[in-house]
Structures are given as structure tokens and as C-alpha cells.
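Input: a single structure, listed below in C-alpha cells.
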Amino acid sequence: MLLLALAAVTPGARAADDPVLGLKVAYLYNFTHFITWPEDAIGSHFRITVLGDPAMATALQALEQTDRQVQGRHIRISTAAGDAVGSQILFIGAGATGQLPALLEATAARPVLLVADTPGLARRGVAINFFLRRDILGEGQRLRFKINPDNLNGRRLSVSAQLYDVAEIVR
Amino acid sequence: MARTRSIRTRLLLALLTMTLLTLAVSTLLSAALDLRLMRASALRDLEILAAVVGENCTSALVFDSPDTAARHLATLAAERQVQRAELLDAAGRRFALWQQPAGGPAAGPAVAVRHELHLDGAPLGAIVLQARLGELHRQVLHYLWLSALLALATLVVALLVALRLQRRIAAPLSSLAETARQVSAQQDLSLRMPPHGRVAELDDLIDAFNSMLAGLESREGRIQQQAAALHTANTKLRALAVDLSLLEQSEKARLAEQLHDSPMQKLALALLQLENGLAEPDAEGRQLTDSGLTLLREAIGELRTLQFELSPPVLAQSGLPAALQWLAKRMGERAGLPIAVHLPAAGEGIDLSRTQSVTLFQCARELVYNLVKHAEASRGRIELTWDAARVALEVADDGVGFAHTMDTTAASATPHPGQPAPVSSPAAGGFGLYSIRERVALLDGRLRIHTGPHGTRVSIHLPRDSGAGSTT
């Protein structure tokens, strides 16, 4: 299941080399199936901006090569901080956690989904934060994520209850 | 042998059987159809349930959360018919499983539904629900119970309807039977059954019954008329027998008178003269003897004439035409009256029975006798004609006629318009014409008399096939 999902959304060689990275790309894309952005907030493309994680940015750029669309728009990946405000998803990698206050301020009240993979950021303004959890039955780890509903308030994002079902809710 | 049942019982049995059969068939068909519909409905519900639960498990499959999937599958515990739920990933491997705890309903047929899950057009997995339709069977059982109650209620209604219907049909039939019994007991064919007015077939039956009575009544009327006619004929025959007896007496009297007036007188005088002549053997005695012998010869001749008149040998030997010629010549010579005889040309033979010949001769003799004795005619005529259907005898004269005109057949006698009633008895018209009429009537013939101051013409017509017997 994990490999299949990975193969479906991350054909790039780097994602294949790093299963967790591939899962993060897949999950990031799959979030778009359970979250709806206001139409007036989306331009000609569905923009994902990746800051502080070049590997993630590279892996996500594979999505641009596919015909996958979100709400009728093709996906565009950006790594420029200036594109953060106009993006629909802003992934804040470990290398950009220092910019978090400024990014929060810049994107406040805007329909931007803030995603990170650094522990503790869900309590610091990020809406979804990836983490790894040991599988109880298996020997490996499972990629999980936390959702802080408070950090979604005011952003005009419609989040499916199914996303909350599989997430760990934090406040 | 078929058992005899009343129409009430047959109607009741027929209605109840028909109702029961209808109910049974309709209940079975309805139950089968409902079972099928309910099964289809239960399967559709299961498919909807699988779709809903499966869709809820979409995020669990997408984000690899079997715990979440198991939690969603566990919500099926409220659905008692669902025994097992299994979530499969896109490769067909089990992702999550849930089973109904022990103690749940295990009755009813097992069914399974599978719902495929997709995400963004790509296969994501599937959910398989296995269930038992015991609930469905309970519902069918309830349905059958309700149907049985409905059938019972319908039977009660059918029974009431049957009782009412049998009253409507059986009562008129019983009334019809009672009327038939009354007709038989009272011998009264004028009874009629009033129309029923509500059941057409019963009205047809009653009409047919009444028509039958009317026919019987009409036939009885005809029988009574025929019996009356037979009684009249018997009375007439009895009167005829009396009349014929009187006629016979009259004929005997006339014969006695004729014997007394001439042959007997001559025989007595001849006897006296022969006795006296034989007693005196002289010339005077011889003269008396010769005179007696002459008287004896005359008496013998008169007796022969009388015998011929009664039954001329020529009738038996030469037939009716020759007998009529002999009669005309004999009676004409005696009365000094020319009586012509007209017969068909020689060679046209006639084939009459002895009864016809004798009857026609006796009638002719009677008519000629009347002609000679009463008509005061200067001449007479006898004419005999025949064809294939009939033979006709006519005796006519130019005399003074008599007071009656008669036209009669074997069955009736009809007076001519303006004329007195026909002679119908010896007392009314004498034995002559009465005797002729009766004789002709016995042979189904017809007697017609035309008389007036310038003459009388009496004609007799007999059918050729009347009076079976020997021929002349």
C-alpha cells in the first residue's frame, strides 16, 4: 500500500530512495482530496511552495510532470519565499523553521495550508505536522501527522472529517 | 355415483373453494414477490452501507491507518444482519477486519456485497460485507401471519357473501320447484312463476318453465276440444245407429207394404182360385186354375222385380253403369217416365269398390224412387262421371222440386244462403234423403241438392279411395 501510493505520486528517483520522503509527498498531495480551497484564492495553478527542504521540493516537482490537478488546476512547485503568500500549500522544512513567525504573519487569515515535519510546530501555528510512529504490530515506523484545528481557523479552508479521523488532533 | 348435494351447499363450496384458491395463490405469489423485493431491498441496503462505510474508510486507506479503518468497520455492530466486514487495499490484501460479536443473529441465507473504492479515479481498495438475512425472514413470517389473518377475514366475508348469494339463487329455484309441485298436485296448468328480476339466467329458467306450462295448457285445451269433438262424434254415431235402425224398420215396412199390396194379395187370390179350381174338375174349375196360375206367375214376377230392386244381379255381374241403365229402364217403364242415362264413352272403365258401387246404386235407386213418386216430373236423367280423384252421380228431373236445398259433406252440412236448414234427420226430411246423406258421409263423400219449382238436381261426389272393399 505504501509503496503503491509512493509509486503513484512520486516517480522521481529520490523519492524511491527515501520511502519517508515519498510518503510525505504522497500525503501532501492526498491532503488536497480532503481539503477544499476557496475558488477565488486559487490562481491559474495550484501552487505548493517548499521552503527549507530542497529534497522535498525536488520530489514534489515530479507532480508537475503529471496530469494531476487540484480543483481543476495543474500543480506548480515553488521554492521562493516570496511565493509563500500566494501558495495554497506552504511546506516549511526543517531549514525554514526560523522563518515561521514571519511566514505565519504573512499568511495570516489567508487560505494557505501550512505543513511541516518538525516536531512541535503544530503547537506553533502550523496546521499539519508530520511525525513518525513505531508500528505496534510491525517493526517499522508509520508516517503520521498531527492537525491543529485552531491553526486552520480563519483561513477559509474546508477540511474533511475523514482527515481528522486519521490524524492526531492537537491544540 | 355422484353424491347429491343441494344447490346451496354447492354454491357455498364453490365460493369458498374459489376464495381459498384465490387467496392461497395470491398470498403465495405476493409472498414470493415480496420476498424477492425485500431481498433486493436488503441487498441494496447492504450495498449502500458498504458504500458509506467504505467511503468513510477512504482516508484510512490513503493515509495508512488500519486502526481508523477498524474503528469505522466497528460501527457496523449496530447493523445486526452484518456478520463480517473486511477492508481490502488496492492489491486485494486485507487492510482491516471486523466481525460481529457472538450472539448476533445467525439465521437466514448468507449474502455478501463488495464495494470498490477509488481515489482520484484510481483503485484504492474494496470493502466486503457478509450478512445473513434473518431479519428478512422474520419480516416474511410476519407478512405470512398477516396474510393468514387477512385470509381468515376474507373467508368470513366470502362466507357471508356466499350465504347471501345462495339465498338469491336457491330461493327462486325452491320457489320454482314448489310451483311445479302445485301444478302437479292441483292439476292446474294456469299457475305461473313471477320473474325473479335480478339474475338473468333464473329469469330465463322461469320464462322457459312458464312457456312449458303455457304449452301444456294449450295442448290440454286442444285435447279437451278433441275429446269434446270425439264425444260429439260418438253421440252422433249413437244417433246414427238409432236412425239406421229406424231406417231399417222403415225399409222393412216399405218392403212389407209392397209385399202386402201386390205379391201377397196375388198369392192369396191365386191360392183361393187354385183351391177352388182343383176342387171343381170342370171348365169353370179349369178356368179358376188357369187364373190362379196366372196370378201365381205375376206374383213371382213381382217378387223377382222386388228382389232386383233390392239388389239387382246386374250390379254384381256387369257393374254400376249397367245397373244404372237397368234401374232407369225399369223405373221409367213402370212410371211411364223417360229417364235418360249419361255415361262416359265406352272403354273408359271404372274401378270402384263394391261398397262404392252398392252405395251409389242404392242412392240412385232412392233418388229415382223419389223422382217417380214425388217429383211430378215429365222426364228424368241419371249421369255418372268419374276421374282419377272422384266419382260423381247426379240424378235430375224437371219436376216441382221440394222444400229443401242441401249441400253436405261427410263432416258438415251447410244450408245455402236464404234457404232453410238442411234435412238432418228422418223426422225432418224423410228417410230417403237422410239415408243418402248418411251413406255418403260414411264414405267421406259430398251430397249437394238443388231444387226449385222447375226441377231438382241431386249430385253425389265420392273420393275414389273411399270405402275399401271388393271391386265390381
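The values are calculated or read from the model by the stated rules, or taken from the named source; none is laboratory data. Keep in mind that this is a model prediction, so the values were computed, not measured. Virtual Cβ from ideal backbone geometry, glycine too; neighbours counted across all protein chains shown.
Check off (1) of a type outside the set (A, V, I, L, M); (2) on the phi < 0 side of the Ramachandran plot; (3) outside the structural domain of B:Thr22 (by TED's automatic domain parsing) for B:His137 and give me the number that stays unchecked.
Among (1) of a type outside the set (A, V, I, L, M); (2) on the phi < 0 side of the Ramachandran plot; (3) outside the structural domain of B:Thr22 (by TED's automatic domain parsing), the lone unmet condition for B:His137 is (3).
Within the stretch B:38-89, how many residues are farther than 28 Å from B:His142 by Cβ and more than 14 Å from chain A (Cβ to nearest Cβ)?
2
In a helix (DSSP H, G or I), touching a strand residue (DSSP E or B) at 6+ places or on another chain (Cβ under 7 Å), of a type outside the set (Gly, Ala, Ser) and assigned by TED's automatic domain parsing to the domain that holds B:Gly445 - does that describe any residue in the stretch B:329-342?
Filtering the stretch B:329-342 for residues in a helix (DSSP H, G or I) gives B:329-335.
Next cut, touching a strand residue (DSSP E or B) at 6+ places or on another chain (Cβ under 7 Å) only: B:331-332.
This time we only want the ones that are of a type outside the set (Gly, Ala, Ser), so: B:331.
Retained after the next criterion (residues that are assigned by TED's automatic domain parsing to the domain that holds B:Gly445): B:331.
Yes, because at least one residue in the stretch B:329-342 is in a helix (DSSP H, G or I), touching a strand residue (DSSP E or B) at 6+ places or on another chain (Cβ under 7 Å), of a type outside the set (Gly, Ala, Ser) and assigned by TED's automatic domain parsing to the domain that holds B:Gly445.
Inspect the stretch B:145-162 for any residue being part of a helix (DSSP H, G or I), assigned by TED's automatic domain parsing to the domain that holds B:Leu49 and not hydrophobic (A, V, I, L, M, F, W, C) and give the result as yes or no.
yes
Spot the failing condition for B:Ala185; the list is (1) over 22 Å from the mean Cα position of the chain (by Cα); (2) under 18 Å from B:Arg168 (Cβ atoms); (3) of a type in the set (A, V, I, L, M, F, W, C), and only one is missed.
The failed condition is (2).
Select from the stretch B:163-188 the residues that are surrounded by 12 or more Cβ atoms within 10 Å (Cβ to Cβ), charged (D, E, K, R) and free of Cβ contacts under 8 Å to residues at least 12 places away in the same chain and list them in ascending order.
Answer for the stretch B:163-188, where residues must be surrounded by 12 or more Cβ atoms within 10 Å (Cβ to Cβ), charged (D, E, K, R) and free of Cβ contacts under 8 Å to residues at least 12 places away in the same chain: just B:Arg167.
Based on this model, can you work out whether B:Leu191 counts as in a helix (DSSP H, G or I) and either surrounded by 10 or more Cβ atoms within 10 Å (Cβ to Cβ) or not assigned by TED's automatic domain parsing to the domain that holds B:Asp34 (or both)? Before you say what the answer is, go through the steps one by one.
Values: in a helix (DSSP H, G or I): no; either surrounded by 10 or more Cβ atoms within 10 Å (Cβ to Cβ) or not assigned by TED's automatic domain parsing to the domain that holds B:Asp34 (or both): yes.
No, not satisfied.
If we scan the stretch B:396-410, do we find a residue that is at pLDDT below 85 and more than 16 Å from B:Leu433 (Cα to Cα)? First the steps, then the outcome.
Residues of the stretch B:396-410 that are at pLDDT below 85, as a first pass: B:402-410.
Okay, now just the ones that are also more than 16 Å from B:Leu433 (Cα to Cα), so none.
Checking the stretch B:396-410: not a single residue is at pLDDT below 85 and more than 16 Å from B:Leu433 (Cα to Cα).
How about the stretch B:271-319: which of its residues are among the polar types (S, T, N, Q) and either surrounded by 16 or more Cβ atoms within 10 Å (Cβ to Cβ) or assigned to a helix (DSSP H, G or I) (or both)? Steps first, please.
Taking the stretch B:271-319 first, the residues among the polar types (S, T, N, Q) are B:273, B:276, B:287, B:289, B:291, B:294, B:305, B:307, B:311, B:317-318.
B:Gln273, B:Asn276, B:Gln287, B:Thr289, B:Ser291, B:Thr294, B:Thr305, B:Gln307, B:Gln317, B:Ser318, listed by residue number.
Strands (runs of 3 or more DSSP E) wholly in the stretch A:78-171 with at least 3 residues that are within 30 Å of B:Val53 (Cα to Cα) and within 14 Å of chain B (Cβ to nearest Cβ) - which ones?
Details: elements: A:89-92, A:113-116, A:128-134, A:141-147.
Qualifying strands (runs of 3 or more DSSP E): A:128-134, A:141-147.
Consider B:Ala102 against the criteria (1) more than 22 Å from A:Val166 (Cα to Cα); (2) outside any helix (DSSP H, G or I); (3) in contact with a strand residue (DSSP E or B) (Cβ under 7 Å, 6 or more places away or on another chain): it satisfies all of them except one. Which criterion is unmet?
Looking at each condition in turn, B:Ala102 falls short on (3).
For B:Ala126, work out the one condition from (1) under 30 Å from B:Arg10 (Cα atoms); (2) surrounded by 18 or more Cβ atoms within 10 Å (Cβ to Cβ) it doesn't fulfil.
All conditions pass for B:Ala126, except number (1).
When you look at B:Gly108, is it within 12 Å of chain A (Cβ to nearest Cβ), surrounded by fewer than 21 Cβ atoms within 10 Å (Cβ to Cβ) and more than 29 Å from A:Asp135 (Cβ to Cβ), yes or no?
On the way: within 12 Å of chain A (Cβ to nearest Cβ): no; surrounded by fewer than 21 Cβ atoms within 10 Å (Cβ to Cβ): yes; more than 29 Å from A:Asp135 (Cβ to Cβ): yes.
Answer is no for this residue.
Might you check whether a residue that is part of a loop (DSSP other than H, G, I, E, B), free of Cβ contacts under 8 Å to residues at least 40 places away in the same chain and within 14 Å of chain A (Cβ to nearest Cβ) occurs anywhere in the stretch B:119-127? Walk me through how you get there before you give the answer.
The initial filter retains those residues of the stretch B:119-127 that are part of a loop (DSSP other than H, G, I, E, B), namely B:120-121.
Now narrow it down to the ones that are free of Cβ contacts under 8 Å to residues at least 40 places away in the same chain: B:120-121.
Now restrict to residues that are within 14 Å of chain A (Cβ to nearest Cβ): B:120-121.
Yes; the residues of the stretch B:119-127 include at least one that is part of a loop (DSSP other than H, G, I, E, B), free of Cβ contacts under 8 Å to residues at least 40 places away in the same chain and within 14 Å of chain A (Cβ to nearest Cβ).
Please work out which one of (1) touching a residue at least 60 places away in the same chain (Cβ under 8 Å); (2) within 14 Å of another protein chain (Cβ to nearest Cβ); (3) among the aromatic types (Phe, Trp, Tyr) is the condition B:Phe95 fails and give its number.
All conditions pass for B:Phe95, except number (1).
Do the conditions hold for B:Thr305, that is, is it at pLDDT 85 or above, out of contact with any His (no Cβ under 8 Å at 6 or more places or on another chain) and among the β-branched types (Val, Ile, Thr)? Break it down into steps so the answer makes sense when it comes.
Values: at pLDDT 85 or above: no; out of contact with any His (no Cβ under 8 Å at 6 or more places or on another chain): yes; among the β-branched types (Val, Ile, Thr): yes.
Spelling it out, it is not the case that B:Thr305 is at pLDDT 85 or above, out of contact with any His (no Cβ under 8 Å at 6 or more places or on another chain) and among the β-branched types (Val, Ile, Thr).
Before we move on, is A:Ala80 exposed (fewer than 13 other Cβ atoms within 10 Å of the Cβ) and touching a strand residue (DSSP E or B) at 6+ places or on another chain (Cβ under 9 Å)?
Details: exposed (fewer than 13 other Cβ atoms within 10 Å of the Cβ): yes; touching a strand residue (DSSP E or B) at 6+ places or on another chain (Cβ under 9 Å): yes.
When the stated conditions are applied, A:Ala80 passes them.
Can you find a residue that is farther than 21 Å from B:Gly121 by Cβ, at pLDDT 90 or above and buried (at least 16 other Cβ atoms within 10 Å of the Cβ) anywhere in the stretch B:85-93?
The answer is yes; a qualifying residue exists.
From (1) free of Cβ contacts under 8 Å to residues at least 40 places away in the same chain; (2) under 15 Å from the mean Cα position of the chain (by Cα), pick out the condition that doesn't hold for A:Asp117.
(1)
I'm told B:Leu433 meets every condition in (1) in contact with a Ser or Thr (Cβ under 7 Å, 6 or more places away or on another chain); (2) aliphatic (A, V, I, L, M); (3) at pLDDT below 90 except one. Can you identify the failing condition by its number?
Evaluating B:Leu433 over (1) in contact with a Ser or Thr (Cβ under 7 Å, 6 or more places away or on another chain); (2) aliphatic (A, V, I, L, M); (3) at pLDDT below 90 leaves (1) as the failure.
Return the total of residues in the stretch A:1-47 being modelled with pLDDT under 55, within 12 Å of another protein chain (Cβ to nearest Cβ) and part of a helix (DSSP H, G or I).
Adding up the residues that qualify gives 8.
All but one of (1) buried (at least 17 other Cβ atoms within 10 Å of the Cβ); (2) more than 14 Å from chain A (Cβ to nearest Cβ); (3) assigned to a strand (DSSP E or B) hold for B:Arg114, so report the exception by its number.
Every listed condition holds for B:Arg114 apart from (1).
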